[in-house]
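K.L.:
Structure incoming, see below.
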Amino acid sequence: MTESKIILITGASSGIGEAVATRLAADGHTVIAGARREDRLAALAARVGPNLHVRRLDVTDRADVATFVDEAVAAHGRVDVLVNNAGVMPLSRLDSLLVDQWDQMIDVNVRGLLHGIAAALPVFQRQGGGHFVTVASIGAHEVVATGAVYCATKYAAWAITEGLRQECDPSIRVTTVSPGVVESELASTITDSGAADAMSTYRADAIAPDAIARGIAYAINEPADVDVNELIIRPAAQR
């Protein structure tokens, strides 16, 4: 039987985060799911059951992320895993000059990740173990037109997580998961018409978010002496 763990997940109100929360709670773990949309979190909690707890969370607010982690420690005595999943993807050409959207991607995809690390790393060091999981993107491995800023944030997420892995004591495991095209709401935030049209074609072949959840469950459930450093999970049709 899999050892039950205390797992925090950011960006858990839809898509990959929702699937990960659902899968890990079904596996018997205690899951604390954070996101901004409280109505979606409440519906998720009602559907999943008692292993899932929810809390409104804004990952761009460093103090809020710190409190998210501290409350879990106070309630459960420890935190075993932090899944840094929150992310946004309003793609556009650079000459569209959608600077506010660039800032949003940097704030959520990079600063949000760093806020999670800053909140959980002292806890993991103090308790002598823990597991960071970063949900990056296939965009951490390639750049596409309209994706310069988004891919830059995901390259950064990959680099930060790999640096964290190298710096951490072996008792702290670190995993980067890079999804390919996954069914989600991410593309709905694209306001640039050219980018939206290109993404419609690009996303013709997509896999369900539970495929990513299964990969994360695999990494988390491996024995403590096994560190699954990186997973790339994409549709077989995505080349």
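Here, each number is a calculation from the coordinates, and none is a lab measurement. Note that this is a predicted model, so its numbers are computed, not measured. Using ideal geometry, Cβ is built from the backbone for each residue, glycine included, and neighbour counts are taken over all protein chains shown.
K.L.:
Using a Förster distance of 25 angstrom, determine the FRET efficiency expected from the C-beta separation of ALA236 and ARG40, and round it to 0.05.
P.N.:
It comes out at approximately 0.25.
K.L.:
Would you please classify the overall shape of the stretch 1-108 from the alpha carbon gyration tensor, given that a ≥ b ≥ c denote the square roots of the eigenvalues, rounded means a/c under 1.5, and beyond that prolate means a/b larger than b/c while oblate covers the rest?
P.N.:
Here the stretch 1-108 falls in the prolate category.
K.L.:
Please give me, ordered by residue number, the GluC sites (Glu not before Pro) of the stretch 59-164 that lie in loop per DSSP and have at most 12 other Cβ atoms within 10 Å.
P.N.:
Answer by residue number: GLU142.
K.L.:
So what is the relative contact order for the chain, in percent, with contacts set as C-alpha pairs under 8 Å and at least six apart?
P.N.:
Across the chain, relative contact order equals 20 percent.
K.L.:
Which order do the peptides 23-33, 77-87, 214-224 come out in when sorted by mean C-beta neighbours inside 10 angstrom, highest first?
P.N.:
Descending mean neighbour count gives 77-87, 23-33, 214-224.
K.L.:
A follow-up question, please. Using amide H atoms built in the peptide plane, which far-off residues or other-chain residues are under 5 Å from VAL54 H to H?
P.N.:
Those qualifying (amide H under 5 Å, at least 5 residues apart or on another chain) are ALA33.
K.L.:
For a quick protection proxy, order the peptides 40-49, 113-122 by their average other-Cβ count within 10 Å, most packed first.
P.N.:
113-122, 40-49
K.L.:
Taking every pair of distinct Cα atoms and averaging 1/r, then inverting, what Kirkwood hydrodynamic radius in Å comes out for the chain?
P.N.:
17.8 Å
K.L.:
Given the rule -39500 (n - 2.57) for each run of at least 4 DSSP H residues, summed and divided by the residues of the chain, what is its mean residue ellipticity at 222 nm, to the nearest 500 deg cm²/dmol?
P.N.:
Result for the chain, helices only: -13500 deg cm²/dmol.
K.L.:
Please report the antiparallel percentage of DSSP beta bridges with both residues in the chain, rounded to the nearest 5.
P.N.:
Counting only bridges with both partners in the chain, antiparallel ones make up about 0 percent.
K.L.:
Based on alpha-carbon centroids, what's the gap between the stretch 1-63 and the stretch 73-97 in Å, whole number please?
P.N.:
Result: 13 Å between the Cα centres.
K.L.:
I've got another one for you. From a point 7 Å beyond the Cα of GLU142 in the direction of its Cβ, which residues of the stretch 149-185 have a backbone N at a distance under 20 Å?
P.N.:
Correct set: 149-159, 176-184.
K.L.:
Kindly put GLU3, GLU18, GLU230 in sequence by how many other C-beta atoms sit within 10 Å of each C-beta, fewest to most.
P.N.:
Ordered by Cβ neighbours within 10 Å, fewest first: GLU3, GLU230, GLU18.
K.L.:
Subtracting the Cα-Cα distance from 0.36 nm times the residue separation, let me have the gained length for ASP169 to GLU222 in nm, one decimal.
P.N.:
17.3 nm
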